[in-house]
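Written below as structure tokens is the structure these notes are about.
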Amino acid sequence: MKTPEALFDLTGKVALVTGGSRGIGRAVAEGFATAGADVVVASRKLDNCEAAAREIEAATGRRALPVGCHVGRWQDCDDLVDAVYQEFGRCDVLVNNAGMSPAYDDLTTVSEDLYDKVHAVNARGPFRLSVLIGSRMAQGDGGSIVNVSTVGSLRPTADDLPYAMAKAALNALTLGLAGAWAPKVRANLVLPSASDTDLTKAWGPETKARIAEMNPMKRIGRPEDMVGVCVFLASDAASYVNGAQIPVDGGLYRTL
């Protein structure tokens with residue numbers, strides 16, 4: 001039987017994290033590197049990826065490859081996968097974390113462009129990346145796909161409905177993938193609640209305080225709250241965890 005240290009060890013693995021230059025993705029990418037993995041940091045702005053990669057390499061001693069990629073664009077997803085396999089020859093962990101949720105006044109003001117962009121980043125891109133990488137994982141040594149959704153997809157409101165709808169599609173994708181290439185490829189879902197990231201910057205301190213008061217933990221989430229569960233799902237410690245839906249929400253949605 002492996003020791004707990006060995007179960008969580010990611011040495012020799014390659015992990016791709018989209019939206020990896022900031023927020024949850026940035027924290028998870030460094031967490032993977034700390035556990036021994038080489039990481040690919042992908043997001044729309046290459047300079048942000050390069051800065052994050054330098055910081056991760058300095059902090060962990062692992063290799064971090066920055067790649068500019070807009071996951072809402074089909075060809076960008078193809079190019080990202082090509083870059084990963086050209087550089088490393090493998091991908092053992094895929095974290096579909098990139099997301100966007102633009103504000104709007106009310107549902108009648110949601111434009112076709114806004115709707116399409118939200119769906120492309122939160123659902124279509126993860127589909128394309130998962131298909132390309134998951135199929136290669138299945139042909140090789142296997143791997144783990146971790147999709148970052150939101151608990152709001154389980155109980156959506158009018159305030160962010162296109163986002164919740166797109167994340168609900170991501171939830172469905174995950175459950176489908178859990179049976180697509182099993183047992184070699186596992187797919188699991190992590191559902192954070194409101195977190196202190198760029199997506200919530202516009203809320204202001206009063207709104208954040210109100211939401212924190214509603215939470216049993218009396219705070220909103222932090223990017224580092226996601227690291228442990230993602231490292232677990234990527235590692236051998238989760239070798240029999242497949243198709244799981246794990247809320248990381250402080251117990252906010254415990255009544256579901």
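Bear in mind these aren't lab numbers, they're just calculated from the coordinates by the rules spelled out. Keep in mind that what you see is a predicted model, and the values were worked out from it rather than measured. Please note: Cβ atoms are built from the backbone with ideal geometry, for glycine as well, and neighbour counts cover all protein chains shown.
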Worksheet entry | Fraction in percent of alpha-carbon pairs per bin - 5 Å, segment 1-60 | 4, 22, 30, 21, 11, 7, 4, 2, 0
Discussion item. Can you tell me which of Leu129, Leu189, Leu154 moves the most in a GNM of the chain? Springs connect C-alpha atoms under 10 Å apart.
Written reply: Leu154
Fill in: Computed over the chain: relative contact order in percent, which uses C-alpha pairs under 8 Å that are six or more apart
20
Worksheet, complete the sentence: For segment 118-251, whose charge dipole is built from +1 on Lys and Arg Cβ atoms and -1 on Asp and Glu Cβ atoms, the candidate among Phe127, Asn147, Val231 with its Cα farthest towards the positive end is Phe127
Item to complete: Please pull out the direction-averaged projected area of segment 112-256, using the convex hull of its alpha-carbon atoms, in nm² to one decimal place.
Response: 9.2
Worksheet item: Asp106 to Phe88: extension gain in nm, 0.36 nm per residue of separation minus the Cα-Cα distance?
Response: 1.9 nm
Worksheet item: When the dipole is taken about the Cα centre of segment 4-248, and only Lys, Arg (+1) and Asp, Glu (-1) are charged at their Cβ, what size is it in debye, to the nearest 20?
Response: 340
Worksheet entry | Spatial separation of Cα centroids for segment 109-130 and segment 47-71, in angstrom | 25
Worksheet item: For the chain, what is the convex hull volume of its Cα atoms per residue in Å³?
Response: 129
Response to the item:
Rg/Rh of segment 1-119 (Cα atoms, Kirkwood Rh), to two decimals, equals 1.07
Response to the item:
Mean-square fluctuation maximum in Gaussian network of the chain, Cα pairs under 10 Å, restricted to Gly68, Gly140, Gly20, hits Gly140
Practice prompt. Can you tell me the relative contact order of segment 1-118? Whole percent, Cα pairs under 8 Å, sequence separation 6 or more.
Written response: 26
Worksheet, complete the sentence: For segment 1-49 the mean separation of alpha carbon contacts under 8 Å (6+ apart) over residue count, i.e. relative contact order in percent, is 40
Worksheet item: Mind checking which of Ile133, Ile56, Ile211 has the largest fluctuation in a GNM of the chain, springs on alpha carbons under 10 Å?
Response: Ile211
Worksheet item: In a shell of Cβ-Cβ distance under 13 Å around Ala53, excluding Ala53 itself, what net charge do Lys and Arg (+1) and Asp and Glu (-1) give?
Response: -1
Worksheet item: For the chain, what does -39500 (n - 2.57) per DSSP helix run (n ≥ 4), summed and divided by total residues, give at 222 nm, in deg cm²/dmol to the nearest 500?
Response: -13000 deg cm²/dmol
Practice prompt. Sort Thr174, Thr3 so the one with the fewest other Cβ atoms within 10 Å of its own Cβ comes first.
Written response: Thr3, Thr174
Worksheet item: With charges set only on the Cβ (+1 for Lys and Arg, -1 for Asp and Glu), what does the dipole of segment 24-137 come to about its Cα centre, in debye to the nearest 20?
Response: 340
